[in-house]
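Input: a single structure, listed below in structure tokens.
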Amino acid sequence: MQIKVIKGHGSGNDFLLIDEISNAYTFKENNRAELARLLCDRETELGADGILFVMNSGHADARMRVFNADGSEASMCGNGLRLVARYICELYGRSEAVIETMKADLKVSKQMDLFPDVHTYQVEISPVQFELKALPLNLQQPTLYNERIKELSAELRFTAVAVPNPHLIAVVETEQLQGDIQKQLSEKVNGPNELFPDGVNVSFVKQLDHGAIYVRTFERGVGFTNACGTAMSASSLVTCLQEINPFEQPITVYNNGGKVQCVVHKIAGEYNIDLIGNATYLYEAAVEVNLERELVEISNKRELTEQQIYEKLQSEAQQIISEMLKG
């Protein structure tokens with residue numbers, strides 16, 4: 001089977017995009033998981049955090065399905081959605097669209113460049129749920145807001161939220177970022193455990209300046225990643241709930257892959273978040289795949305030059321992170 005792919009990234013969170021709208025591909029359900037495990041393997045020439053399948057929708061402009069590198073399906077991915085937003089807007093010659101995801105139809109749109117000549121898109125992150133059963137998190141209480149979980153840490157306070165991916169978020173100090181605690185508790189809640197039977201994304205958040213935060217995420221099904229779009233969105237929401245940052249104003253979110261902006265909205269007691277960031281293409285390629293023999297052969301690879309521009313943004317972001325964490 002030959003498949004055309006575009007490799008791209010949002011904030012360094014990289015994906016292989018497969019277009020099922022323009023191409024006559026038909027995948028069985030188990031094929032999607034197998035493709036993700038095979039193509040996303042970092043030992044291969046491709047390697048990625050996941051695959052974005054772009055499909056026809058019965059009511060929206062397109063449908064997105066996201067499969068992580070371990071073959072599990074994610075209900076949403078903010079960084080991946082930006083790539084899909086760009087692909088669909090360029091495919092149909094539009095500046096905005098509606099993308100069907102597992103839990104909701106989400107508005108996406110092209111925006112002014114976040115950094116000179118960096119393709120920038122805004123995507124809606126919703127729905128937002130605080131009920132522990134939405135994650136799920138097995139505690140004898142309905143929600144968890146800035147509270148301790150004794151099984152995980154005696155000092156950290158966590159907030160649990162689904163957007164709709166499940167997130168466990170702690171606002172921390174620099175020393176806690178520099179230690180091993182995030183790795184230890186993340187591996188615990190993403191292995192066999194009674195608290196999070198389906199695993200959870202774990203983010204540590206540090207306020208850098210007024211309206212600026214740093215987020216580091218251990219992503220379920222991936223591990224530590226350069227960035228996680230729904231995690232950055234959920235983390236921004238948590239800082240607004242804790243009155244660290246204001247609602248309705250842009251929050252600059254720095255991550256190991258660069259930076260984005262988030263705007264948290266509260267309307268009639270409901271929350272949603274705008275996630276604004278890059279959608280950068282790395283290359284296009286044709287891939288010959290034999291799933292039975294687990295073989296991948298790449299041909300007609302065309303490297304693009306967008307990453308060279310993005311690296312300027314990334315370098316600036318990393319310098320700011322380094323300076324602010326020192327301070």
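By the rule of a C-alpha distance below 20 Å, with chain neighbours fewer than 8 residues away ignored, the lysines paired with Lys28 are Lys4.
With θ taken as phi - 60° and the Karplus curve 6.51 cos²θ - 1.76 cosθ + 1.60 applied, the whole-hertz 3J(HN,Hα) list for region 74-81 is 9, 6, 7, 7, x, 5, x, 4 Hz, x standing for glycine and proline.
GNM remark for the chain: springs join alpha carbons under 10 Å apart, and the peak mean-square fluctuation among Glu73, Glu90, Glu284 falls on Glu90. Per-atom-type breakdown for the chain gives carbon and sulfur 45% of the accessible area (1.4 Å probe, protein chains only).
The helix-only estimate of mean residue ellipticity at 222 nm for the chain, built from DSSP H runs of length n ≥ 4 each weighted as -39500 (n - 2.57), is -7000 deg cm²/dmol after division by the residue total.
Proximity of backbone amide H atoms, modeled 1.01 Å from N, is registered between Asp49 and Asp14, Phe15 at under 5 Å, excluding neighbours fewer than 5 places apart on the same chain. Output ³J(HN,Hα) for region 12-27: one whole-Hz value per residue in order, computed from phi by the Karplus curve 6.51 cos²θ - 1.76 cosθ + 1.60 with θ = phi - 60°, and x for Gly and Pro. With the stated coefficients, region 12-27 comes to x, 7, 9, 9, 9, 9, 10, 8, 9, 8, 8, 10, 8, 8, 10, 10 Hz. Just to confirm a number: summing +1 for Lys and Arg and -1 for Asp and Glu over residues other than Val264 whose beta-carbon lies under 14 angstrom from that of Val264, what do you get? Once all neighbours under 14 Å are counted, the net charge is -4.
Cross-link partners of Lys188 among lysines, defined as those whose alpha carbon lies under 23 angstrom from its own and excluding same-chain residues fewer than eight positions apart: Lys133, Lys150, Lys206.
Sequentially through region 163-173, phi angles give Karplus couplings (6.51, -1.76, 1.60; θ = phi - 60°) of 9, x, 4, x, 9, 10, 10, 10, 7, 10, 9 Hz, Gly and Pro residues having no value and appearing as x. Applying both filters, DSSP loop and at most 13 other Cβ atoms within 10 Å, to the trypsin sites (Lys or Arg not before Pro) of region 264-321 gives Arg293. A 1.4 Å probe run over the protein chains yields, for the chain, 44 Å² of accessible area per residue, whole-number rounding.
Just add up the charged neighbours of Val289: K/R +1, D/E -1, any other residue whose Cβ is under 11 Å from the Cβ of Val289.
-4
The values are calculated or read from the model by the stated rules, or taken from the named source; none is laboratory data. It should be emphasised that the depicted structure is a prediction, and the values quoted were computed from it without experimental measurement. In this analysis, Cβ positions are derived from the backbone assuming ideal geometry, glycine residues included, and neighbour counts consider all displayed protein chains. For accessibility, only protein heavy atoms count, side chains too; no ligands or nucleic acids. Shrake-Rupley method; radii C 1.70, N 1.55, O 1.52, S 1.80 Å.
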